[in-house]
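Below you'll find the structure, written out as structure tokens, and then a few comments.
Since every read-out is calculated from the coordinates, none of them should be taken as a lab result. Bear in mind the structure is a predicted one, so any value in this text is a computation, not a measurement. Here Cβ is always computed from backbone atoms with ideal geometry, including for glycine, and neighbour counts include all displayed protein chains.
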Amino acid sequence: MKKILTLAIAALFVALPLSVKADGGEELDAGSMIIGHVTDAHSWHLFDYSTRDENGKVVEHPVAIPLPVILWNDGHLDVFMSSKFHHGHKAYKGYALVGGGLTKEEVVCVDAEGNPVMDAEGNVVKPLDFSITKTSAAIMIAVVLLIVIIFIARNGYKKRPNQAPKGLQSLVEYLVVFVRDDIVRPMIGEKHYKKYLPYLLTLFFFIFFCNVLGLIPIFPAGANISGSLAVTATLAIVTFLITNISGNRHYWTDIFNTPGVPAWLKVFPLMPLVELVGVFTKPIVLMIRLFANMTAGHIVILGFIVIIYIMSQLFGTMVGGAVSVVSVFFCVFISLLECLVAYLQAFVFTMLSALYIGMAVEEPQHGEPSTAE
């Protein structure tokens, strides 16, 4: 009980300055704040601080790490840092940063007065955007950190050959053995599992590591990598390609000549159509499941934090401070739950990928009639 009371008091003192800011500032746009934190951006936002101008009005000053903006427009390449946009308040080299919050942040072409340039059909002209966004930068950081961790574990085996692992080496070995013996080998089979083990290990470690980094709210972590459809779609497409390229004759025969189905359903052809649609819906399910689960957790946590600001604006600082105790408690609870979800989603994505690959390379059991006959 004493520890719980100490945590509550600490949460109160942490939340009070946040409540004062919300009470003394402008009305909070909760939706824009939440969505803005879980979507991609051209800079890495760290925090805001407030000052008052000569008229006593509160002025917000965002602090962010600028990222490279790489644009291809009308046959020429433009490269500069996102700080040139001044957080979307200024245009630069005929470009402007628009959106953010509830709308997608993107770069558009503007004229000398800062108005969007329209094409003949009345659409806003946009350059091809190859910028290193927050998600792209976070992926690079995650990959570098993951490589460092794997090399540390590898060097442990070199320095201590034929000895029991310890420290970080123990965790890496446990996860590798778990993925190999409890996911890949049972799903794909003894004959083929070694061929696909490197990909599935990479898949598991990448998703798990990105999920964990997304739960840490300070730089260089805090980016919602697994909550980006582009990332989850890319992983799902890779699994889709490996599965169907690896598919043997038995796999494709079962799709277009499904065994145990009445002949009239094959002639129609209803079942082959259903099976073929299933080939494309499997990666879509992989993509959406990972995206939805990781994004939902971040939104729930941010929602509890936003409640502190809203209650401060409606009922004053003291009420906001009191509510913050409950909000912080639930934030801690959801964060612990998200730690479990981070592991489970990596496990489920890897398991289903191994299952799909296993179905593609599976061969008829001994004595089973061939569906090709």
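Computed quantities for the displayed model
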| quantity | calculated |
| --- | --- |
| Which listed pairs, of K104/K126; K90/K126; K90/K134; K57/K93; K166/K195; K57/K104, have C-alpha distances above 24 Å, in listed order | K57/K93; K166/K195; K57/K104 |
| Label-point separation, L270 to V176 (7 Å along Cα→Cβ), nm | 5.1 |
| Helix 270-315 vs. the chain, principal-axis angle (Cα, 0 to 90°, nearest 10) | 20 |
| Relative contact order of region 136-361, defined on C-alpha pairs under 8 angstrom at six or more residues apart (%) | 28 |
| For the chain, diffusion coefficient by Stokes-Einstein and Kirkwood Rh (Cα), 25 °C, 0.890 mPa s, µm²/s | 100 |
| Region 86-135-region 200-240 distance, computed between alpha-carbon centres (Å) | 27 |
| Separation in nanometres of the label points that stand 7 Å from Cα toward Cβ, at K194 and V332 | 5.0 |
| For region 134-211, diffusion coefficient by Stokes-Einstein and Kirkwood Rh (Cα), 20 °C, 1.002 mPa s, µm²/s | 156 |
